[in-house]
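Okay, structure first, notes after.
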Amino acid sequence: MPEPFLSVSDLNAFYGRAQALHGVTFEMEREPVAVIGRNGMGKTTLCLALMGLMAQANGSVRFEGQELMGRAPYKIAEAGIGYVPQGRRLFPSLSTEEHLDMLGGGNGGRWSKRALWELFPRLAERRKVGAAQLSGGEQQMLAIARALLGNPSLLIMDEPSEGLAPTIVESLVETCLGLVREGVGLLLIEQNLGVATSLAERQLVMVAGEIAAETTARDLLDSPEAQQRYLGVTRVESASA
């Protein structure tokens, strides 16, 4: 039997003596998967642990048959995982083009700088502009482009819709759906249930550092009670509506 695309088993993470992740366990293939939950439930910590950015973490993270636990973040990126962090984490003093040039121009795969200019024409127009002068939507495009330049098999996106206008969110969803159609795996961390359900049918619910439940986009959209229980919202519309 082939191994799952991504297999996370008994993943624990700590900030000093405080435990933030408690035995997180799930598997996924290349289909999009969303991790949803209220603020403070451990979603971002999960991203950091998967990317090797937690100083105190243990358990198992296997990606395409390789154990990643204990590897340096750049080794995890080289293994084929791209990361779009919450808040974008851009360098204000660097231009759009400099953000991409610092990664070496790609590794010969689908995504080169030229291909990214085609995917995000607005970034091509703003290639000489500093990241601090970009709009929120442009910054998110740049964060995605930076992750894609490594030609990842799996893209981990942490709250990509945060702080964006509804029209920009719609464009973001379409971009992500296009990547999925091209075969890129997607692990989406989202509090915006409209975005989460537009991009992934499979929904993992994180509560207090654990995967507390698994459900589907359809069931969530059909159940105001589940929306209230998992996210504290009273009603949600699909981002594509």
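The values are calculated or read from the model by the stated rules, or taken from the named source; none is laboratory data. Everything numeric here is computed off the predicted structure, so don't read it as measured data. Cβ: placed from backbone, ideal geometry, glycine included. Neighbour counts: every protein chain shown.
Answer yes if at least one residue in the range 87-95 is within 16 Å of the chain's Cα centre (by Cα) and under 30 Å from THR215 (Cβ atoms), and no otherwise. Write out each step before concluding.
Residues of the range 87-95 within 16 Å of the chain's Cα centre (by Cα): 87-90.
Next, only the ones that are under 30 Å from THR215 (Cβ atoms) stay: 87-88.
Checking the range 87-95: at least one residue is within 16 Å of the chain's Cα centre (by Cα) and under 30 Å from THR215 (Cβ atoms).
Restricting to the range 66-75, give me the number of residues that are out of contact with any strand residue (DSSP E or B) (no Cβ under 6 Å at 6 or more places or on another chain), among the hydrophobic types (A, V, I, L, M, F, W, C) and surrounded by 14 or more Cβ atoms within 10 Å (Cβ to Cβ). First the steps, then the outcome.
Step one: filter the range 66-75 for residues out of contact with any strand residue (DSSP E or B) (no Cβ under 6 Å at 6 or more places or on another chain), giving 66-67, 70-75.
In the following step, the residues that additionally are among the hydrophobic types (A, V, I, L, M, F, W, C) were identified as 72.
Among the residues that remain, those that are also surrounded by 14 or more Cβ atoms within 10 Å (Cβ to Cβ) are: none.
Final tally of qualifying residues: 0.
Residues to consider are GLU27, GLU118, GLU78, GLU98; find the one that is within 27 Å of GLY178 (Cα to Cα), touching a strand residue (DSSP E or B) at 6+ places or on another chain (Cβ under 7 Å) and loosely packed, with under 15 Cβ neighbours inside 10 Å.
On the way: GLU118 fails: touching a strand residue (DSSP E or B) at 6+ places or on another chain (Cβ under 7 Å); GLU78 fails: touching a strand residue (DSSP E or B) at 6+ places or on another chain (Cβ under 7 Å); GLU98 fails: touching a strand residue (DSSP E or B) at 6+ places or on another chain (Cβ under 7 Å).
Only one candidate passes the filter, namely GLU27.
Examine the range 182-191 for a residue that is farther than 24 Å from GLU27 by Cβ, among the polar types (S, T, N, Q), at pLDDT below 90 and surrounded by fewer than 21 Cβ atoms within 10 Å (Cβ to Cβ), and state whether such a residue exists.
First, the residues of the range 182-191 that are farther than 24 Å from GLU27 by Cβ: none.
Checked the range 182-191: no residue is farther than 24 Å from GLU27 by Cβ, among the polar types (S, T, N, Q), at pLDDT below 90 and surrounded by fewer than 21 Cβ atoms within 10 Å (Cβ to Cβ).
Cβ contacts < 9 Å: first residue free of Cβ contacts under 8 Å to residues at least 40 places away in the same chain, restricted to the range 205-216; second residue among the hydroxyl-bearing types (Ser, Thr, Tyr) and loosely packed, with under 15 Cβ neighbours inside 10 Å, any location; separation 6+ or different chain. Result?
From the range 205-216, the pairs are THR215/SER223.
Among residues belonging to the range 192-220 that are assigned to a helix (DSSP H, G or I) and among the aliphatic types (A, V, I, L, M), point out the one that is surrounded by the most Cβ atoms within 10 Å (Cβ to Cβ).
Of the range 192-220, the ones assigned to a helix (DSSP H, G or I) are 193-199, 217-220.
When the remaining residues are screened for being among the aliphatic types (A, V, I, L, M), the result is 193, 195-196, 199, 217, 220.
Working: LEU193: 24, VAL195: 28, ALA196: 26, LEU199: 25, ALA217: 19, LEU220: 21.
If we take residues in the range 192-220 being assigned to a helix (DSSP H, G or I) and among the aliphatic types (A, V, I, L, M), then VAL195 is surrounded by the most Cβ atoms within 10 Å (Cβ to Cβ).
Return the residue satisfying two criteria in turn: it lies in the range 81-95 and is surrounded by 15 or more Cβ atoms within 10 Å (Cβ to Cβ) and not aliphatic (A, V, I, L, M), and of such residues it is modelled with the lowest pLDDT. Outline the logic, then answer.
Filtering the range 81-95 down to residues surrounded by 15 or more Cβ atoms within 10 Å (Cβ to Cβ) leaves 81-86, 88, 90, 94-95.
Checking which are not aliphatic (A, V, I, L, M) leaves us with 82-83, 85-86, 88, 95.
Numbers: GLY82: 95, TYR83: 95, PRO85: 92, GLN86: 87, ARG88: 80, SER95: 93.
Per the criteria, the residue is ARG88.
Given the condition in a loop (DSSP other than H, G, I, E, B) and free of Cβ contacts under 8 Å to residues at least 40 places away in the same chain, answer yes or no: does some residue in the range 94-103 qualify?
As a first pass, look at the range 94-103 and keep what is in a loop (DSSP other than H, G, I, E, B): 94, 102-103.
Still in the running and free of Cβ contacts under 8 Å to residues at least 40 places away in the same chain: 94, 102.
Yes, the range 94-103 contains a residue that is in a loop (DSSP other than H, G, I, E, B) and free of Cβ contacts under 8 Å to residues at least 40 places away in the same chain.
Would you say GLY105 is at pLDDT 90 or above, within 30 Å of GLN66 (Cα to Cα) and exposed (fewer than 15 other Cβ atoms within 10 Å of the Cβ)?
Working: at pLDDT 90 or above: no; within 30 Å of GLN66 (Cα to Cα): yes; exposed (fewer than 15 other Cβ atoms within 10 Å of the Cβ): yes.
No.
With GLY178, GLY183, GLY163 as the choices, which residue is in a loop (DSSP other than H, G, I, E, B), more than 26 Å from LEU94 (Cβ to Cβ) and not β-branched (Val, Ile, Thr)? Please lay out each step first, then the result.
Numbers: GLY178 fails: in a loop (DSSP other than H, G, I, E, B); GLY163 fails: more than 26 Å from LEU94 (Cβ to Cβ).
When all the criteria are applied, what remains is GLY183.
Looking at (1) in contact with a Leu (Cβ under 9 Å, 6 or more places away or on another chain); (2) over 22 Å from ARG38 (Cβ atoms); (3) touching a residue at least 24 places away in the same chain (Cβ under 8 Å); (4) part of a helix (DSSP H, G or I), which is the one condition that is false for GLU170?
(1)
Kindly indicate whether any position in the range 47-65 is outside any loop (DSSP other than H, G, I, E, B), of a type in the set (Gly, Ala, Ser) and either surrounded by fewer than 16 Cβ atoms within 10 Å (Cβ to Cβ) or at positive phi (or both). Give the derivation first.
Quick first cut of the range 47-65, residues outside any loop (DSSP other than H, G, I, E, B) only: 47-50, 56-63.
Retained after the next criterion (residues that are of a type in the set (Gly, Ala, Ser)): 49, 57, 59-60.
Filter once more, keeping what is either surrounded by fewer than 16 Cβ atoms within 10 Å (Cβ to Cβ) or at positive phi (or both): 59-60.
Scanning the range 47-65 turns up at least one residue that is outside any loop (DSSP other than H, G, I, E, B), of a type in the set (Gly, Ala, Ser) and either surrounded by fewer than 16 Cβ atoms within 10 Å (Cβ to Cβ) or at positive phi (or both).
Is there a residue in the range 72-83 that is within 23 Å of GLU190 (Cβ to Cβ) and β-branched (Val, Ile, Thr)?
So in the range 72-83, the residues within 23 Å of GLU190 (Cβ to Cβ) come out as 73, 76-77, 80-83.
Now narrow it down to the ones that are β-branched (Val, Ile, Thr): 76, 81.
Yes; the residues of the range 72-83 include at least one that is within 23 Å of GLU190 (Cβ to Cβ) and β-branched (Val, Ile, Thr).
Which pairs do you get when a residue that is within 14 Å of ALA196 (Cβ to Cβ) and at pLDDT 85 or above, found in the range 223-241, comes within reach of a residue that is among the acidic types (Asp, Glu) and loosely packed, with under 13 Cβ neighbours inside 10 Å, reach meaning Cβ atoms under 8 angstrom, with the pair 6+ apart or on two chains?
Hits for this filter: ALA226/ASP219.
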